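The values are calculated or read from the model by the stated rules, or taken from the named source; none is laboratory data. Not measured: the values here are computed from a predicted model. Note that each Cβ is placed from the backbone with ideal geometry, even for glycine, and that neighbours are counted across all protein chains shown. Note: accessible area is taken over every heavy atom of the protein model, side chains too, but ligands, DNA and RNA are not part of it. Shrake-Rupley method; radii C 1.70, N 1.55, O 1.52, S 1.80 Å.
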Amino acid sequence: MPAVLFNATFFDPALWVDALKGADPALELRVWPEVGNRAEIDVVLGWGQPRNSDKTYPNLKLIQALGAGVDHIMRDPARPPEVPVARLIDRALTTGMSEYVLLAVLRYHRQLPLFEAAQAKAEWLDLAAPDTTKARVGILGLGALGTDAALKLSALGFPVAGWSRTPKAVPGIESFHGADGLPRFLARTQFLVCLLPLTPDTRGIINATTLSQLPAGAYVINPGRGGHVVDEDLLAALDSGHIAHATLDVFNREPLPAEHLYWRHPKVTVTPHSASVTVPESAAPQIVENIRRVREGLAPHNLVDPARGY
Ligand code: NDP
Ligand code: OXD
């Protein structure tokens, strides 16, 4: 009997078992390390699964990521290359991410860090009203998450641009693309949001050069992946004052080590990779649908292109 293996170290299996069984009560679901007969495993539901593990199931038909990003799966050198990898595009995940991005942009736009610092000194701070029509937001990555955040910011009146690999036609959103478009995109961006996937092409994209191409006093918001940021370069740009403040959700090492400078930096807000976390009940129906599809010989939805890495 074919079986699905839940192998996601990041998530509580009990919540997922309930949600998946709710979506398909007949599902034969096993939770790692209780694998049983390896030949019966045809789908792995993965997130941070141990390296080399996926190659040990001889009848594997699908590696289904339990999140939007698949960098951890794609960089496993022992991932069986013939097995398709699918990711999630999910309403709750998208809504959560847009909330995070809006929260960070609005916090900076409405100068909350300054008011918080003033409150600590019982100081009545009188600041000029910010002009939303001049607060230019730039989103690196105009995919499922970047597009939703862009449209919501645009609906609030922010001038929004996106940067992607290929040109986009999203109503009201200025599109920049490719290496040539990046410096122009950065030069017009006061609030930089990174929602790129982590691939060999995007690793270290927030570095001394790109940061210097942002206008002085720009803000950096990174809920993409820690590997997008060259930490020493961001810290130097914060310390020089070129970058006013950064909100970081993801890090080169997670959990962020207690001794890392980000924790105590006065110009950094740290959140613990929690910008948007998959809600099992929301994602379970599409996962069950993908399991059905691969068992019927169909391609799964939201397939990852191994050549692009996302
Ligand atoms: P998508 O695949 O839908 O979108 C990716 C976007 O990035 C696309 O617009 C793509 O361009 C662009 N892109 C990829 N490579 C390049 C490149 N080399 N140059 C320029 N643009 C590029 O991804 P999602 O929007 O669903 O997710 C984005 C990322 O968000 C995830 O990979 C994950 O890392 C992160 N994430 C973080 C979470 C958190 O809690 N912190 C939660 C969920 C996701 P094109 O469309 O032209 O191909
Ligand atoms: C994701 C994440 O990629 O939670 O979904 O980071």
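Accessible surface computed residue by residue for region 10-115, with neighbouring protein chains in place and a 1.4 Å probe, gives 45 Å² per residue. The label-point distance for ALA187 and ALA129, in a model that sets each label 7 Å from Cα toward Cβ, rounds to 3.2 nm. With all pairs of separate Cα atoms included, region 23-130 yields a Kirkwood hydrodynamic radius of 17.8 Å. Here the accessible area of region 1-158 is 58 percent carbon and sulfur, with a 1.4 angstrom probe and all protein chains present. Scaled against the 2.2 N^0.38 Å expected of a compact globular protein of N residues, the Cα radius of gyration of the chain reads 1.08. Overall, the anisotropy analysis places region 134-197 in the oblate class: the square-rooted eigenvalues a ≥ b ≥ c of its C-alpha gyration tensor yield a/c not less than 1.5, with a/b not exceeding b/c. Between PHE115 and ASP12, what's the calculated FRET efficiency when r is the beta-carbon distance and R0 is 51 Å? Round to 0.05. Efficiency, from the Cβ-Cβ distance: 0.85.
For region 75-122, the Cα-based Rg and Dmax, in that order, read 20.2, 63 Å.
Its residue count N sets the reference 2.2 N^0.38 Å, and the alpha-carbon radius of gyration of region 162-310 equals 1.22 times that reference.
Since only ALA275, PRO183, HIS260 are under comparison, the one whose Cα sits farthest along the positive direction of the charge dipole of region 133-279, derived from C-beta charges on Lys, Arg, Asp and Glu, is PRO183. Give the separation of the Cα centroids, region 36-78 to region 148-203, in Å. Cα centroid to Cα centroid, the span is 32 Å. For the chain, the longest principal axis of the alpha carbon atoms and the long axis of helix 280-295 meet at an angle near 50°.
For region 211-226, the Karplus equation 6.51 cos²θ - 1.76 cosθ + 1.60, evaluated at θ = phi - 60°, returns couplings of 4, 5, 7, 7, x, 4, x, 6, 10, 10, 10, 10, x, x, 8, x Hz by residue, with Gly and Pro reported as x. Quotient of the Cα radius of gyration of region 223-289 and 2.2 N^0.38 Å, N being its number of residues: 1.41.
Only the Cβ atoms of Lys and Arg (+1) and of Asp and Glu (-1) were treated as charged; on that basis the dipole of the chain about its Cα centre amounts to roughly 500 debye.
From the Cα gyration tensor of region 2-72, with a ≥ b ≥ c the square roots of its eigenvalues, which class applies: rounded if a/c is under 1.5, or else prolate if a/b is larger than b/c, or else oblate? In terms of gyration-tensor shape, oblate.
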